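Down below is the structure, laid out as structure tokens.
Computed from the coordinates by the stated procedures, all read-outs in this text should not be read as laboratory data. None of these values were measured; they are calculated from a predicted model. Methodologically, a virtual Cβ is constructed for each residue, glycine included, from the backbone with ideal geometry; neighbour enumeration extends over all protein chains shown.
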């Protein structure tokens, strides 16, 4: 049996109910409230759990869908050679879009760019 610092079961039960019981690697059960859906990750460290309160969730910063859907490919997708190269890249109107295609051994299938302007992104989110 692992000694957890409690002299009797009533003390231990009360600590767990209050959320102040030390668990595996020094965490307390209340620490898991930092996780989305309050999941229990027995292997998580305090540093790891603190990241969930320190930074915004990915779903807030991204369009979170199961597929890359524009809702209107004819309007929002272009072949990269159709767009001026100065307009393509991070923090620009167009970014590369991996739509898929034939097998390429080392790198590829970035023939398309997607309109990533604020108006277009708002449309994708809707």
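In which sequence would 51, 35, 77 go, from the one with the fewest C-beta neighbours within 10 Å to the one with the most?
Numbers: 51 11, 35 15, 77 18.
Taking fewest neighbouring Cβ atoms as first place, the list is 51, 35, 77.
For a footprinting-style exposure proxy, rank 99, 90 by other Cβ within 10 Å, fewest first.
Values: 99 14, 90 7.
Final ranking by Cβ density, sparse to dense: 90, 99.
What is the fewest-to-most order of 57, 78 by other Cβ atoms lying within 10 Å of their Cβ?
On the way: 57 10, 78 18.
So the ranking, lowest neighbour count to highest, is 57, 78.
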